[in-house]
1. Per residue, how much accessible area does the chain have with a 1.4 Å probe, in Å²?
2. Can you give the Rg and Dmax of the range 149-204 based on its C-alpha atoms, in angstrom?
3. How far, in degrees from 0 to 90, does helix 175-189 lean away from the longest principal axis of the Cα atoms of the chain, to the nearest 10?
4. In nm, to one decimal, how far is the modelled label at Arg73 from the one at Ala196, with both set 7 Å along Cα→Cβ?
5. Please grab the % of Cα pairs in the range 42-119 that end up more than 15 Å from each other.
6. Of the candidates Lys106, Lys200, Lys79, which one comes out as most mobile in a Gaussian network treatment of the chain with C-alpha springs shorter than 10 Å?
7. State to the nearest 20 debye the size of the charge dipole of the chain about its Cα centre, where the only charges are +1 on K and R beta carbons and -1 on D and E beta carbons.
8. Build a GNM of the chain with springs between Cα atoms under 10 Å: which of Val82, Val31, Val158 gets the top mean-square fluctuation?
Amino acid sequence: MAEISLLLVDDHPVVRNGLRGMFESTPGFTVLAEASNGVEAVELAADLSPDVILMDLRMPGGGGLDAITELARRGIGSKVLVLTTWDTDTDTLPAIEAGATGYLLKDAPQDELFNAVRQAAAGRTVLSPAVASRLVSAVRSPAPSPLAARERQVLELVAKGTSNRDIARELFISEATVKTHLSHVFTKLGVTDRAAAVAKGYEQGILGRD
């Protein structure tokens, strides 16, 4: 079996040295280079075309998420296996959506890491158990609405074509208060008009819920 070539990306030299030692002492792997941030990683990947990039996420001078996004934009075919201490939703989901093949935590056993690299090189998705559980939960549970209850009520009435005057009458509030709620809705959804707010509401699952 051909050796799997690796690019190690981490801002801590001790971590990179440890990984290099592990992989270079194990048959089937070869370390091509190391990078201390995402910007370096992209350039090295473009030059060396490693099979797998072991990518940390939070690094000064260029984070892993931006690097993963740029690798995908450039069409670089290296598989990215995130190796990090972070398993929060704000880290996990964006990395996978950006194109990471797998996501592993740094406390993973050595054999699990080696297997994950082999699986990633073969194009298979690899997730640590904690991350897999988090993703399953995210799929099964809709994201919470960014809108307050009253703001959602206003948006639901807007979706029905209700005017500000009629919304005020139905909710027993003033038209000025309706406009304030709408302003908050526009800001939270990143839109500038009623139609776009309604479209975004359906897109994000705020509208159409039971």
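1. Value for the chain: 53 Å² per residue.
2. For the range 149-204, the Cα-based Rg and Dmax read 10.2, 29 Å.
3. Helix 175-189 sits at roughly 10 degrees to that axis.
4. My value for the distance between the label points is 2.2 nm.
5. 52
6. Per the Cα network of the chain with a 10 Å cutoff, Lys200 tops the list.
7. The dipole of the chain has a size of about 980 debye.
8. Fluctuation is largest for Val158.
The values are calculated or read from the model by the stated rules, or taken from the named source; none is laboratory data. Everything numeric in this text was worked out from a predicted model, so none of it was measured. When we count neighbours, we look across all protein chains shown, and the Cβ atoms used for this are built from the backbone with ideal geometry, even at glycine. When the accessible area is computed, the model is the full protein with side chains, heavy atoms only, and any ligands, DNA or RNA have been set aside. Shrake-Rupley method; radii C 1.70, N 1.55, O 1.52, S 1.80 Å.
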